[in-house]
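The values are calculated or read from the model by the stated rules, or taken from the named source; none is laboratory data. What you are looking at is a predicted structure, and each value in this text was computed from that prediction instead of being measured. Here the Cβ positions follow ideal geometry from the backbone for every residue, glycine too, while neighbour counts run over all protein chains shown. The accessibility values were calculated without ligands, DNA or RNA, using every heavy atom of the protein model including side chains. Shrake-Rupley method; radii C 1.70, N 1.55, O 1.52, S 1.80 Å.
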Amino acid sequence: MLAKKQWIFWLSVWVLLVLLFSTSLNGLIVSIYFVTILLPVVIATSVFFNRFLVPRYLLQNRRWTFSLYFCYMLVVSIYLELLVMVLAFVILADYQIDNLGKIAGDIYLLTLILYLVVLVEGLILSIQKLKENANRIEEIEIQLEKQKQEEITIRCNRKNVLLKLGDIQFIESLGDYVKVHIKDKTYTTKEKISALEGRLPDSFIRIHRSFLINKDHIGFFNKEIVNVGDKELPIGRKYKRSASEALQASLIA
């Protein structure tokens, strides 16, 4: 998804630059050639600034190093822009500087446009980062609320049954219904195991498409099975990695 958004952004930049330079250069075709040559310089500068300099130095409060690398980047980007202008002067303008127009023939304007694009992409990346952080905080808050809960309500025999989380040993999916196993009793509900998993805290571990276990009731486990109460439950191939990590974490906890 992120790569798709980047492609859309740079395609939009390409189109806008083509339209902008077409007012200065001799026609739309010439503008397309010029922008296609220039765009790699813009992309490289933006990637270096927004994905290397800012996170590694500016956000780490290493301002002196950031300033030094920024100066290097500025010199290199201007040099590359000059190379683009020389290529355009030879290939597109037929050695006539006037054919480059006011924008393509002005290094100051080119540099201004380049860094304007860099700043716009940086702003977009910052907004995306803020959204990601907000979503992460929301997920943490939801998980904390789950951890605080001590009971869960399930629909069983047309009644709402309140179960203590600590009493649940494991949850078993059997096609159209789910069995909730506690020490001395089993409750049957029509709710899907994935829906129950979403309502339960991290103390419940999905080890199989059909089994969700309470880590507080684990007797022993290996790569293939988990002992819960008096049952030995298989670890599904799809869940081997995530289940193994969660089970190992439960030992540390």
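Please state which one of Ile207, Ile225 is at pLDDT 90 or above and either within 25 Å of Glu139 (Cβ to Cβ) or surrounded by fewer than 13 Cβ atoms within 10 Å (Cβ to Cβ) (or both). Steps first, answer last, please.
Working: Ile225 fails: either within 25 Å of Glu139 (Cβ to Cβ) or surrounded by fewer than 13 Cβ atoms within 10 Å (Cβ to Cβ) (or both).
Of Ile207, Ile225, the one residue that is at pLDDT 90 or above and either within 25 Å of Glu139 (Cβ to Cβ) or surrounded by fewer than 13 Cβ atoms within 10 Å (Cβ to Cβ) (or both) is Ile207.
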**OP:** Answer yes or no as to whether Arg51 is closer than 15 Å to Leu125 by Cα and charged (D, E, K, R).
**Re:** yes
Original post:
Is there any pair with a first residue in region 100-115 that is within 15 Å of Ala44 (Cβ to Cβ) and open to solvent by 20 Å² or more (accessible area, probe 1.4 Å) and a second that is modelled with pLDDT of 85 or more and part of a helix (DSSP H, G or I) whose Cβ atoms are under 7 Å apart and which are 6 or more apart or on different chains, and what are they?
Top reply: Thr111/Ile78; Thr111/Glu81
Subject >> Candidates Ile137, Ile152, Ile127, filtered to the one that is surrounded by 11 or more Cβ atoms within 10 Å (Cβ to Cβ) and among the aliphatic types (A, V, I, L, M) >> reply: Ile152
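Restricting to region 222-238, what's the tally of residues that are part of a loop (DSSP other than H, G, I, E, B) and within 30 Å of the chain's Cα centre (by Cα)?
Step one: filter region 222-238 for residues part of a loop (DSSP other than H, G, I, E, B), giving 222-224, 229-230, 235-236.
In the following step, the residues that additionally are within 30 Å of the chain's Cα centre (by Cα) were identified as 235-236.
Residues that pass the stated criteria total 2.
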Original post:
With respect to the numbered conditions (1) open to solvent by 80 Å² or more (accessible area, probe 1.4 Å); (2) touching a Leu at 6+ places or on another chain (Cβ under 8 Å), which one is the sole condition not fulfilled by Lys185?
Top reply: (2)
**OP:** Go through the residues of region 78-87 one by one and say whether even a single one is more than 17 Å from Thr111 (Cβ to Cβ) and among the charged types (D, E, K, R).
**Re:** no
**OP:** Scan region 228-250 residue by residue and report those that are without any contact (Cβ under 8 Å) to a residue 24 or more places away in the chain and either under 24 Å from Asp184 (Cα atoms) or open to solvent by less than 30 Å² (accessible area, probe 1.4 Å) (or both).
**Re:** Asp230, Glu232
**OP:** Evaluate the following for Leu53: is it modelled with pLDDT under 85 and either open to solvent by less than 30 Å² (accessible area, probe 1.4 Å) or in contact with a Leu (Cβ under 8 Å, 6 or more places away or on another chain) (or both)?
**Re:** no
